[in-house]
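The values are calculated or read from the model by the stated rules, or taken from the named source; none is laboratory data. Small disclaimer: the values here were computed from a predicted structure and weren't measured. In this analysis, Cβ positions are derived from the backbone assuming ideal geometry, glycine residues included, and neighbour counts consider all displayed protein chains.
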Amino acid sequence: MSNSIVEVNNVSMMFRLYRENVDSLKEFLIKKLKRQISYDEFWALKNISFQVGKGEAVGLVGKNGSGKSTLLKTIAGVLKPTKGSVAVRGTVAPMIELGAGFDMDLTAKENVFLNGALLGYPKEMLEENMERIIDFSELKMFMDVPIKNFSSGMIARLGFAVATIYTPDILIVDEILSVGDWQFQAKCHHRIQEMLEQGTTLLFVSHSMDQVKEVCSRAILLSHGEMLMDDTVENVCERYGEAQ
Amino acid sequence: MSTYIHNFLAYKELLKELVRRDVKTKYRRSFLGMLWSVLNPLGMMIIMSIVFSHVFRANIENFPVYLMCGQVIFNFFNEASTVAMSSILGNAALIKKVYVPKYLFPMSKVCSCFVNLLTSFIALLIVIVATGTSLSWTVILLVFPVFYVFLFSLGMGLLLSALVVTFRDLQHLYSVLTTAWMYLTPIFYPVEMLPGWVRTIVTHNPLTCIVQMLREVIMYGQVPDIRLQLMCMVPCIIVMALGLWTFYKQQDKFILKV
């Protein structure tokens, strides 16, 4: 398919659960010689395949531990799947955790540049958009304060403002909207809608069915690493609701 | 290959930003700030000079400069490889959340130590002026030893940071190793003073060659010969290749182990 922007082909992800934790060379060698290295295989994802077209908004739903975050991480390129492949065409803005990569000792302004660079944004662009970042995060008075003095809400606001300063091809959102007050949540929603109108593809994880219904048109239901359903958001939510 | 270069250029800004962060946070909230990276080696040099020229009587001409040439190189190597080693473990939270080329972490640490190395050359210059050492044009050749030690430290940094993820013991073992390494580098004694077999080890230590080269260009006004160049270059290339290879092989496992 040529117009799909994210292609997930038979992705499986296996983690090893070591019974004995081997952290040192000595232990490793002894146990290796005695053939005592044993581990259980845990498949966090089993044969997941789907495609996302440009401009689609897809919600990933499922209980805790169903593999939603693992799936997002393979798409973001953080994890390499054990089997299968993921193809992504375009720029990805991963919002798996807001403010990941902030340095607590740096000021808010310095962190904008650090975090912006982490996400691969050029410096000039960040400088141009500094006003917008400040406006959005409502931190005008605090831009020169080290962020270790910030509240978690302030950090989340700054993180969201930096990550969404430009419209990426693919936006990955993992349960980050649960932080902050309702006003800020509404603002984030508004910004996400704005990006969707500009043609961004969205992958959205949330436990709130209302949020998923509001933002997404299509949803994928995961359970114990398997894909149970890939359908319209209404059908999936109904099925998920039944399961509960 | 071109995709690697392209990828590196795309993240050049991040490298700069990471180095800037390290340099900024290192002396933040201290009164003298960056001045410490000049004062520190200077203070160390004064103490070591007093100890070794009065207590142990090492008869070396122009001892302060001799000592400092060795110190500057070894301290950079020691600091850079040690902080680079823990860079992957230290950035675990980030590695799990955002995709970035992982070699940037050890690399940025080596680069920020390199900034420190450059400032400690100011301290060296002060000592050169204070002792009235005459410099010849060969001093510009100091870019060679500086380049070699950078390459060597980067290679070690990559190697160690990849290995320490699997074998945490290395963190504790390495400080013992560097102590031995320091005594096997002629920082405050002349190589000639050593008995046979120790001398063989010391002369084959890559850092010895680099320190020697620095002394040749600064203190003795000599142009390093091709043999010395090779003795520096070959180990640097080997360590760099080994570091890159190990790192490349291990990097996908980092996220599962950090």
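May I ask you to list the residues in region B:1-43 that are among the β-branched types (Val, Ile, Thr), out of contact with any Ser or Thr (no Cβ under 6 Å at 6 or more places or on another chain) and either over 23 Å from residue A:144 (Cα atoms) or away from every other protein chain (no Cβ under 11 Å) (or both)? Once the filter is applied, which keeps residues that are among the β-branched types (Val, Ile, Thr), out of contact with any Ser or Thr (no Cβ under 6 Å at 6 or more places or on another chain) and either over 23 Å from residue A:144 (Cα atoms) or away from every other protein chain (no Cβ under 11 Å) (or both), region B:1-43 yields B:3, B:5. Checked against (1) within 14 Å of chain B (Cβ to nearest Cβ); (2) surrounded by fewer than 20 Cβ atoms within 10 Å (Cβ to Cβ); (3) not aliphatic (A, V, I, L, M), residue A:169 passes all but a single condition, namely (1).
If the condition is being charged (D, E, K, R) and buried (at least 19 other Cβ atoms within 10 Å of the Cβ), then region B:127-178 contributes no residue at all. Which residue is surrounded by the fewest Cβ atoms within 10 Å (Cβ to Cβ), if the candidates are limited to region A:103-158 and must be over 21 Å from the mean Cα position of the chain (by Cα) and hydroxyl-bearing (Ser, Thr, Tyr)? Among those residues, the one meeting the criterion is A:151.
Yes/no per residue for (1) within 14 Å of chain A (Cβ to nearest Cβ); (2) more than 25 Å from residue B:110 (Cα to Cα); (3) over 17 Å from the mean Cα position of the chain (by Cα):
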residue	(1), (2), (3)
B:128	no, yes, yes
B:135	no, yes, yes
B:154	no, no, no
B:158	no, no, no
B:163	yes, no, yes
B:189	no, yes, yes
B:194	no, yes, yes
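Residues that are of a type outside the set (A, V, I, L, M) and touching a helix residue (DSSP H, G or I) at 6+ places or on another chain (Cβ under 7 Å) number at least 3 in the following helices (runs of 4 or more DSSP H) confined to region B:18-136: B:36-50, B:63-85, B:104-130. The requirement of being in a helix (DSSP H, G or I), in contact with a Ser or Thr (Cβ under 6 Å, 6 or more places away or on another chain), touching a residue at least 24 places away in the same chain (Cβ under 8 Å) and over 24 Å from residue B:20 (Cα atoms) is fulfilled somewhere in region A:190-197, by at least one residue.
In region B:241-258, of all residues being buried (at least 16 other Cβ atoms within 10 Å of the Cβ) and in contact with a Phe, Trp or Tyr (Cβ under 9 Å, 6 or more places away or on another chain), the one that is modelled with the lowest pLDDT corresponds to B:251.
Which of the following residues is out of contact with any Lys or Arg (no Cβ under 7 Å at 6 or more places or on another chain), surrounded by 16 or more Cβ atoms within 10 Å (Cβ to Cβ) and more than 24 Å from residue B:105 (Cα to Cα): B:35, B:42, B:15? Just one listed residue meets the conditions, B:42.
Looking for something without any contact (Cβ under 8 Å) to a residue 24 or more places away in the chain and within 14 Å of chain B (Cβ to nearest Cβ) - is there at least one such residue anywhere in region A:128-148? Scanning region A:128-148 turns up no residue that is without any contact (Cβ under 8 Å) to a residue 24 or more places away in the chain and within 14 Å of chain B (Cβ to nearest Cβ). The combined condition, being modelled with pLDDT of 80 or more, among the aliphatic types (A, V, I, L, M) and on the phi < 0 side of the Ramachandran plot, is not fulfilled by residue A:98. The condition of being surrounded by 15 or more Cβ atoms within 10 Å (Cβ to Cβ), more than 12 Å from chain A (Cβ to nearest Cβ), closer than 28 Å to residue B:177 by Cα and modelled with pLDDT under 90 holds for only one of B:77, B:52, that being B:52. Against the numbered list (1) part of a strand (DSSP E or B); (2) outside the structural domain of residue A:212 (by TED's automatic domain parsing), residue A:84 comes up short only at (2). For residue A:94, the conditions (1) within 10 Å of chain B (Cβ to nearest Cβ); (2) free of Cβ contacts under 8 Å to residues at least 60 places away in the same chain; (3) not in a loop (DSSP other than H, G, I, E, B) all hold with the exception of (2). Among the residues in region B:166-174, are any closer than 19 Å to residue B:72 by Cα, part of a helix (DSSP H, G or I) and not basic (Lys, Arg)? So far as region B:166-174 goes, no, none of its residues is closer than 19 Å to residue B:72 by Cα, part of a helix (DSSP H, G or I) and not basic (Lys, Arg). Tell me, yes or no, whether region A:145-166 has at least one residue that is more than 25 Å from residue A:57 (Cβ to Cβ), of a type in the set (Ser, Thr, Tyr) and not in a helix (DSSP H, G or I). Yes: region A:145-166 contains one or more residues that are more than 25 Å from residue A:57 (Cβ to Cβ), of a type in the set (Ser, Thr, Tyr) and not in a helix (DSSP H, G or I). From the set of residues in region B:32-49 that are more than 21 Å from the chain's Cα centre (by Cα) and over 20 Å from residue B:132 (Cα atoms), which is modelled with the lowest pLDDT? Within region B:32-49, the match that is modelled with the lowest pLDDT is B:33. Selection of region A:172-189 for residues being assigned to a loop (DSSP other than H, G, I, E, B), surrounded by 14 or more Cβ atoms within 10 Å (Cβ to Cβ) and not charged (D, E, K, R) yields A:176, A:177, A:179, A:180.
Considering region A:49-75, and only residues there that are within 23 Å of residue A:197 (Cβ to Cβ) and within 14 Å of chain B (Cβ to nearest Cβ), the residue that is surrounded by the fewest Cβ atoms within 10 Å (Cβ to Cβ) turns out to be A:72. Checking the stated criteria, residue A:101 turns out not to satisfy the condition of being facing chain B (nearest Cβ under 10 Å), of a type outside the set (D, E, K, R), out of contact with any Phe, Trp or Tyr (no Cβ under 9 Å at 6 or more places or on another chain) and part of a helix (DSSP H, G or I).
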